[in-house]
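The values are calculated or read from the model by the stated rules, or taken from the named source; none is laboratory data. Remember, it's a predicted structure, so these values are computed and weren't measured experimentally. A quick note on method: Cβ atoms are made from the backbone with ideal geometry, for glycine too, and the neighbour counts reach across all protein chains shown.
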Amino acid sequence: MTLPQRIGLWLLGCVVVIIFVVANSGTDLSLSEFSAPAEAPSSNTAVDQSYYVTARNLAALAATPQEQQYAVLAMRSADHELDQSFASAIRNSAAHRLEHTAAATSMLQRIAELKQSIRADQAGVAAASADSSKASDDDGERLRIAQAQLTLDEDELENVQQDLARTGGDPQTDIQQAFDQHRSIESQAAALPKNTATADLESARSLHSVVGKVRILSSLKQRRKMLADARNKVLAEQQKLQQQHDGLDRQTYVSTPGEDPSSRSGRLTQLRVSAEREKDMADLDKRVRDLGQLAKVYEDWGHLVQTQRRTLLTSLAADFLTVVMAVLGIFALSGFAQYLLKRWEKNHHRRLKHARVVITLILEIVVVARIAVVIFGMPGDVSTILGFITAGITVTLKDFLVSFVGWFALMGRRGIQVGDWVEIDGTQGEVLEVTALHTYLLEAGNWATSGQFTGRQAVFMNKFAVERKYFNFSTSEQWLWDEFVVPVPASKVITQELLSRVQHLIATETRDDMASAEASWRELATTHGLHERKGAPTAIVRTSAAGLEVVVRYVTKAPTRFDTAVRLRQLVLGALGLGLHVDPSMPARPVGT
């Protein structure tokens, strides 16, 4: 490795480490902001609620019991301070009026007039009640008119006050309502440790895996759409109610035909209708204001969801960068490890090829594990971790496990023993050794040729006994069928008598091998109920491209098959009267057991 290559390798490694650290640090900060509770929506009042909101946020982050005790004390102090602030603001708002618009000033004047009218109405009701008790009032009609007038003025006063509060011209009312709202939710807010995110968003497992973040993004997208739809519906309903309120405000009383508006009954009916209208307007004002607050809550909630989505997208980008850095880091670390090993080899004059492979494999496993953790997150329980480890070991050591099982199959009575003639994956030879994981063969030539040993040792994992097939050409005496072909010139006449002579000659020479084979067949037939077979040799004539050829098939022992084939070939040549004119390269091959 040249000097520029070394410098480039070191620089690449440093850049990878720096980017990796920065990316993970940014991810942790983003996720901490994501899990933190959002600030409560502030009221449009002169009271500063930031201290109480801060105490609530800190209480939501408290983890240990000691922290929670401090959080309770902080919230209690902040709540007491907020109560004092509300009390001061309410007391001061009555003494220091803010500047009002022309509409607000008109409303204030109308409120003053209505209050004065209410006092006069109350006096009239009291006088009418006294006259009614003295029986000076006919049927109590004067009292009912006075009460109806009082109710009308009170409803109108409430309606004007609601209009003034909606336009912001009555800060005292705003402060009082904010204080009442705070007192109503105080006990509930104190009991909520985390009230600004769902359980999935605050789950450490979901926030630390790509799969979990993608699911949360989908949930947030759906939630944002639902919030937007709900806010639009609330605003539409608010506008509808406001139009109804304005329509009622423009209405005037119209007497029915035949009704005298100046009579007492006409005035009473008019007052009742007007009172109902003022009550309806006051109710509409309350509903409009409540819907406005609800729309504001939905809007703030939507902003929170959007902030969470942006944070998750940033975190996903950091995860993607982590995967890229891990892939790049494997090249840098692998190159650095290779560089160190080469230097060690140069100094100690030893090759560490296996160490290179092992180190590279370990680095690849670490990178793959890191990428899997980024994508799927850390397993939630020990059983899952053990399952992954077991599955990995099973896949990695599959060949060794299957080979060990295959060893038991080979140890059986019908397995492979030392000295057997076998064929495994197309390689033939004599079995030298059978271990727990491997089978060793002394390789022999192809069965179609001489069958002589090549001097090489072939090693096979024992999984072939389970996954594939193998041939064992050995019985108790290690016999097999063999054959060779003798070409015959076209001028040579082959008679049946000549073939019988050749067959008798072969039977005489292979008498012992044939007897061993027939004995083995009889044993198999007795044990397994098979048909008994004979091992008599055959000699047949068939045509070929060069003319005729004699095919001789016989039974012989596997260890001596080569010598037997040479001896029988010479005998057949002599019996046919061909001498050395026969091509000696014609092969002898087994045809089965």
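Key figures
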| read-out | value |
| --- | --- |
| Qualifying residue in segment 412-421 (condition: on the phi < 0 side of the Ramachandran plot, free of Cβ contacts under 8 Å to residues at least 40 places away in the same chain and of a type in the set (Asp, Glu)) | no |
| Qualifying residues in segment 539-561 (those that are assigned to a strand (DSSP E or B) and among the small types (Gly, Ala, Ser)) - the one farthest from the chain's Cα centre (by Cα) | GLY547 |
| Long-range neighbours under 6 Å by Cβ, at least six apart or interchain, first residue outside any helix (DSSP H, G or I) within segment 116-142, second at pLDDT below 80 | ASP137/ASP131 |
| Lone qualifier among GLY392, GLY419 - being out of contact with any helix residue (DSSP H, G or I) (no Cβ under 6 Å at 6 or more places or on another chain) and outside any helix (DSSP H, G or I) | GLY419 |
| Residue check, PHE404 free of Cβ contacts under 8 Å to residues at least 12 places away in the same chain and aromatic (Phe, Trp, Tyr) | no |
| Verdict on ALA588 being under 25 Å from GLY419 (Cα atoms) and modelled with pLDDT of 80 or more | no |
| Residue in segment 440-485 that is nearest to ILE540 (Cα to Cα), counting only those that are modelled with pLDDT of 80 or more and part of a loop (DSSP other than H, G, I, E, B) | LYS469 |
| Any hit, segment 337-354, residues being part of a helix (DSSP H, G or I), at pLDDT 85 or above and not polar (S, T, N, Q) | no |
| Selection within segment 409-426 - under 15 Å from LEU437 (Cβ atoms) and of a type outside the set (Gly, Ala, Ser) | LEU410, MET411, ILE416, ILE424 |
| Residue within segment 277-296 that is hydrophobic (A, V, I, L, M, F, W, C), at pLDDT below 75, over 27 Å from the mean Cα position of the chain (by Cα) and assigned to a loop (DSSP other than H, G, I, E, B) present | no |
| Enumeration of residues in segment 326-340 that are hydroxyl-bearing (Ser, Thr, Tyr) and farther than 14 Å from ILE362 by Cα | TYR339 |
| Subset of segment 414-428 [surrounded by 13 or more Cβ atoms within 10 Å (Cβ to Cβ) and farther than 14 Å from GLU443 by Cα] | GLY415, ILE416, GLN417 |
| Test: residue in segment 524-542 that is among the β-branched types (Val, Ile, Thr), touching a strand residue (DSSP E or B) at 6+ places or on another chain (Cβ under 6 Å), modelled with pLDDT of 85 or more and closer than 30 Å to LEU578 by Cα | no |
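Residue-wise test of (1) of a type outside the set (A, V, I, L, M); (2) at pLDDT below 75; (3) in contact with a strand residue (DSSP E or B) (Cβ under 6 Å, 6 or more places away or on another chain).
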position: ASP200; (1), (2), (3): yes, yes, no
position: LEU207; (1), (2), (3): no, yes, no
position: GLY212; (1), (2), (3): yes, no, no
position: ARG215; (1), (2), (3): yes, no, no
position: LYS225; (1), (2), (3): yes, no, no
position: ALA228; (1), (2), (3): no, no, no
position: ASN232; (1), (2), (3): yes, no, no
position: LYS240; (1), (2), (3): yes, no, no
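The rows are residues; the columns are (1) at pLDDT 80 or above; (2) buried (at least 16 other Cβ atoms within 10 Å of the Cβ).
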| position | (1), (2) |
| --- | --- |
| GLN306 | yes, no |
| ALA317 | yes, no |
| THR322 | yes, yes |
| ILE371 | yes, yes |
| VAL382 | no, no |
| ALA391 | yes, no |
| THR396 | yes, no |
